[in-house]
Amino acid sequence: QVQLVESGGGLVHPGGSLRLSCTISASIWGINLSGWYRQAPGKERELVARVMSGGNTEYADSVKGRFTISRNDAQTAVYLQMESLKPEDTAVYYCNVIRFGTPYWGQGTQVTVSS
């Protein structure tokens, strides 16, 4: 069983920054992908960024150059550093890992970008 706990969301002004954290409570054996998704009201959940087991990263075009995904050396935590936030970044952000082909999700953390 994999448990994911997100933290770091909140309210920020446009142009501001936030750092999301996701703690992975399980053996990392078999985890080959970790990432962040988001879902805005009335929209489908979409990929924001992900990091593969080998360290390669992938970003949505809308966040390239502004967001950075990273993980700790033990691979028990995944982070999303968000810079130059825009109102359209407002959404619930979900941590996701794929372990032995099975996806696991956190409970989500709200990010609101508003003046």
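In table form, for the structure just shown:
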item	result
Rounded to the nearest 10 Å², the accessible area of Lys86 at probe 1.4 Å	80 Å²
Thr23, Thr109, Thr76, reordered so the largest accessible area comes first (probe 1.4 Å)	Thr23, Thr76, Thr109
Solvent-accessible area per residue for region 1-98 (1.4 angstrom probe, square angstrom)	51 Å²
Heavy-atom SASA rank of Thr90, Thr68 (probe 1.4 Å, accessible area, largest first)	Thr68, Thr90
Accessible area (Å², 1.4 Å probe, nearest 10) - Asp61	120 Å²
Relative contact order of region 1-107, pairs being alpha-carbon contacts under 8 Å that are 6 or more residues apart, as %	36 percent
Distance between modelled label sites at Lys86 and Asn72, nm, 7 Å Cα→Cβ extension	3.3 nm
List Ser27, Ser21, ordered by accessible area with a 1.4 Å probe, largest first	Ser27, Ser21
Alpha-carbon gyration tensor eigenvalues x 5, square-rooted, for the chain, Å	23, 14, 13
GluC sites (Glu not before Pro) within region 22-115: DSSP coil, no more than 13 neighbouring Cβ in 10 Å	Glu44
Virtual spin-label span in nm between Asn56 and Ser115, 7 Å along Cα→Cβ	4.1 nm
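The values are calculated or read from the model by the stated rules, or taken from the named source; none is laboratory data. Please read these numbers as outputs of a predicted model, since none were measured by experiment. Methodologically, a virtual Cβ is constructed for each residue, glycine included, from the backbone with ideal geometry; neighbour enumeration extends over all protein chains shown. Remember, those area values only see protein heavy atoms, side chains included, never the ligands or the DNA or RNA. Shrake-Rupley method; radii C 1.70, N 1.55, O 1.52, S 1.80 Å.
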